[in-house]
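Scroll down for the structure; my scribbles are underneath it.
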Amino acid sequence: MTHYICIDIGGTSIKYGIYDDASQQFVRHDSTPTHADQGGPHIVITVLGLIEDLSHAATAPLYGICVSTAGMVDCATGSIAYSSELIPRYTGTPLKSMIEQQTGLPCEVENDVNCAGLAEYHAGNARGAKTALCLTVGTGIGGSYIDHGRVLHGAGGSACEVGYIHLPGGDFQDLASTTALVRRVATRKNMQAEDLSGKRIFELAQQGDTDCAEAINTMTTYLGMGIANICYVLNPEVVILGGGIMAQSDYLGGPIRRALDDNLRKPVARATSLRFAHHRNRAGMLGAYYHFRYMQESRKHGSF
């Protein structure tokens, strides 16, 4: 029995836990606020403290530290290649080497959306597929593409930054994210966006609120358009939709599928399965584990 420490660094919270590879489950898991506005150095201190606590709590030998994080990641070096101002002073952080120096354990680092995709590919609703596109819809829209178990990173590590795809009216994430949905409803109702949430909008729509229903319809239209554009380039076997708002799968499944079919040629549409994410809060941590295993094996054989 071997344990792995898994950390998922998000803009709002840092999720952490101990994964047991024998039982293939987390034997411990929890979360703490990120306090992203305090910047990268604060995050590093927090993560190192969590790792120390988890090391004492482990009841089996620890094999390594598996990290999922917001931002663009250089997987070879395990450093943060780029981070937006949502996490200031995080760009350039050599996370892998800092953790390895502090703990003496091997560490691997990957982008959080890529980790979510790996979790779905290996142990979620993309299991059994050869190729999978995973989208997370939230503050923005993030994407990852898994081809026969490997993440498509691109030349500079920015492959599948799909939120910036240009659509009529703006960028994909400016039109089809949860943020866009909330802003759209707030404008219609002359409210402050801070007084609304995606969850509340769906509750109101199900109660017959036409403003909310129409805003959701607009969002699904743009989702279908954006997903179709990606499918024409990558032709995935399965598209996985994740993010908090996608918990409304019963409401969204039909409209998104119809919008996708409206924007795809029939042969492409027939070959593209649309599913919702199986893993939610622990997707980043679980995907970080799968990334760790792959990277360690690749380094062992000199193939990365």
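The values are calculated or read from the model by the stated rules, or taken from the named source; none is laboratory data. For clarity, every value in this text was computed on a predicted model and none was experimentally measured. Because the Cβ atoms are built from the backbone with ideal geometry, glycine has one as well, and the counts that use them run over all protein chains shown.
Just to be sure, is Ser31 under 18 Å from Ile14 (Cα atoms), polar (S, T, N, Q) and in contact with a helix residue (DSSP H, G or I) (Cβ under 9 Å, 6 or more places away or on another chain)?
no
Please go through the stretch 1-12 and give me each residue that is modelled with pLDDT under 95 and within 17 Å of Gly284 (Cβ to Cβ), ordered by number.
Residues satisfying the conditions are Gly10, Gly11, Thr12.
Do you know which residues across the stretch 258-282 are at pLDDT 95 or above and either under 18 Å from Ile5 (Cα atoms) or assigned to a helix (DSSP H, G or I) (or both)?
Answer for the stretch 258-282, where residues must be at pLDDT 95 or above and either under 18 Å from Ile5 (Cα atoms) or assigned to a helix (DSSP H, G or I) (or both): Arg258, Ala259, Leu260, Asp261, Asp262, Asn263, Lys266, Pro267, Val268, Ala269, Arg270.
Quickly run through the stretch 156-179 and pick out the residues that are in a helix (DSSP H, G or I) and crowded, with 19+ Cβ neighbours inside 10 Å.
Val162, Gly163, Phe172, Gln173, Leu175, Ala176, Thr178
Hey, any hits in the stretch 207-214 for a residue that's among the aliphatic types (A, V, I, L, M), in contact with a strand residue (DSSP E or B) (Cβ under 8 Å, 6 or more places away or on another chain) and modelled with pLDDT of 95 or more? Walk me through how you get there before you give the answer.
Filtering the stretch 207-214 down to residues among the aliphatic types (A, V, I, L, M) leaves 213.
If we keep only those that are in contact with a strand residue (DSSP E or B) (Cβ under 8 Å, 6 or more places away or on another chain) as well, we get none.
Scanning the stretch 207-214, I find no residue that is among the aliphatic types (A, V, I, L, M), in contact with a strand residue (DSSP E or B) (Cβ under 8 Å, 6 or more places away or on another chain) and modelled with pLDDT of 95 or more, so the answer is no.
Please go through the stretch 5-27 and give me each residue that is closer than 16 Å to Ala57 by Cβ and in contact (Cβ under 8 Å) with a residue 60 or more places away in the chain, ordered by number.
Ile5, Cys6, Ile7, Lys15, Tyr16, Gly17, Tyr19, Phe26 - these are the residues of the stretch 5-27 that are closer than 16 Å to Ala57 by Cβ and in contact (Cβ under 8 Å) with a residue 60 or more places away in the chain.
Mind checking which pairs have a first residue in the stretch 114-126 that is surrounded by fewer than 24 Cβ atoms within 10 Å (Cβ to Cβ) and a second that is aromatic (Phe, Trp, Tyr) and not in a helix (DSSP H, G or I), Cβ under 7 Å, 6 or more apart or different chains?
Asn125/Phe276
What are the residues in the stretch 254-288 that are buried (at least 18 other Cβ atoms within 10 Å of the Cβ), of a type outside the set (Gly, Ala, Ser), within 20 Å of Ala129 (Cβ to Cβ) and within 14 Å of the chain's Cα centre (by Cα), if any?
Phe276, His279, Leu286
Looking at the stretch 127-156, which of its residues are within 19 Å of Asp8 (Cβ to Cβ) and of a type in the set (Gly, Ala, Ser)?
Scanning the stretch 127-156 gives Gly138, Gly140, Gly142, Gly143, Ser144.
Please give the strands (runs of 3 or more DSSP E) falling wholly within the stretch 93-149 in which 2 or more residues are within 17 Å of Leu223 (Cβ to Cβ) and modelled with pLDDT of 95 or more.
Filter on the stretch 93-149 gives 131-137, 141-147.
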